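Report on the structure given below.
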Amino acid sequence: MPAQAIPQRAVPGFQRGALDRAVDAAAAEFGVPAPILLALGWEASHWNADVETRWGGYGLFDLREGDQDPSLEHAGALLEVDPNRIITDWRLQVRGAAAILADQARLSNGGVLPPAGDLLAWWDAVRAFSGREEPVLQDQYARYIFETLNEGATRDTVWGPITIQPEILDLTGLVADPPPTSCDSSLAYQYYAACADNYSDYSRTAADIDMVVIHLAEGSYSGTYAWFANCSAEASSQYVVRSSDGQITQMVKEEDVAWHAGNWDYNLRSIGIEHEGYVSDCSYFTDAMYAGSAALVVDIANRQGVPLDRSHIIGHDEVPDPDGSGYGGSGHHTDPGSCWDWDYYMSLLDGSTSTSGGEIIGAVRDSDIYNGANLVGANVWIAETGEATTVAGDGYYRFEDVPFGTYTMHATYPGYAEGTCTKTTTSSQDWCSIALFPGTSPDDTGGNTDTSGGTDTSDPGDTAPPDGDSATRFPGPPGDPVLAGEAGSGCGCATAPGGSLAGVALGAVMAGLARRRRR
């Protein structure tokens, strides 16, 4: 059974709803947007106050020592409190993050705060909040924060369920996709080089490589590749994988030796893959991350001849300490940890997952898929199969055991124009919600097929409700398919538009992929 995303346990001092209240209060106190504060916390920790990043950041917002934001010292000065108190007090972390965001907003906006209701006006403040020196890293950090606002996020935390409601924001022109770069794997979204002080320049061939080492980053995706680009890190890996959608950044060429295993002999013979997240927090172990990582490993194996078995695909915790005192390399690391589901992961590598289809589910609502009234009883059918159903009393329609593929769902309801949505399914539960707008429907006329009234072809963050035991990024539009014959073709990052592997089709290797079986 695959590892479950276990919610943080409620403990004394973490009252239900307290984080939402603290965020709202801090937003009002410092004049910053509450949704952006929540998104900053989601990016850094998935709203977990009890974590520490490998680069020395603490808590909800990855606040860290030093003069580089988000800085504990900066927050302490603005709040007039000892920075050490902020490390252990999540309420001060919230106020500190809000204070830093407001201070950076004034610096970038002529000394005045942008309107709190104009989220896009805070783009420059978010870039500065990242603390990164390179403009491309600032842009990518801000892009992820605003994509989170676009797509929404939800999690059951020690404070109860926390949710960012999706809010459609037009990011056109704010930041461009990375330019095409010659990545070793065509599955990589971008190549962002690690500092040359953090790896060894080699000319390895397939004869030298026989292993892949799986890591957990103990930090966020963007934080990890920013850290490897920092010359003080003295660490690197070939690849970093994002939790929310399986996006991949390459940082070290496969022919070079990354410093990741804590054992030089293992570094010489292996490729390292870091995954966003924390060993103690199972919420990061998403289907998308497993799928993206597994596809990458298969691609590496095809090019480098690495056997796809547990003797050659190993965890960092299985690397011997070179002095013989234990495992996890010289630092006795424990990643990827107990949340990592090796059985499930290896089944993705050999295509042995048990199903090749799943459920299509969605809401049919009046004019707005997020906030509109449920149109209970609406007729829904799949154009490609002819299977039909109706919206149940809970507001959702469901089609079970639908083979993976691309489908268009049609919906009708008396007094409304027909609407559609299109979905490429890749997991055991894929969402495709439809907004219907008042007008003439086929139910009224007996044959009108006008679909102009309501169409949700992009599926931008459908209305999947929190399930109480998992962390979820509301799903976004699928990426373009990458065919098995294209994998590792050398064409590089440009073959992965949008950076998402949500819609990747990798032939027989991934044909068996299903969302982790129902718990």
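What follows is calculated from the coordinates using simple rules that are stated; it is not laboratory data. The shown structure was predicted, so the numbers you read here are calculated from the model rather than taken from an experiment. Because the Cβ atoms are built from the backbone with ideal geometry, glycine has one as well, and the counts that use them run over all protein chains shown.
Things worth noting here:
- Separation of alpha-carbon centers, segment 125-176 and segment 241-298, rounded to whole Å: 22
- Neighbour net charge for Pro70 - beta-carbon separation under 13 angstrom, K R +1, D E -1: -3
- Residues Arg54, Arg85, sorted so that the one with the fewest Cβ neighbours within 10 Å comes first: Arg85, Arg54
- The convex hull built on the alpha-carbon positions of segment 18-164 has an orientation-averaged projected area of 7.9 nm².
- Over segment 158-252 - Rg/Rh using Cα atoms and the Kirkwood inverse-distance radius: 1.04
- Footprinting exposure proxy ranking of His260, His410, fewest other C-beta atoms within 10 angstrom first, gives His410, His260.
- Residue order for Glu218, Glu73, Glu80, fewest other beta carbons within 10 angstrom first, comes to Glu80, Glu73, Glu218.
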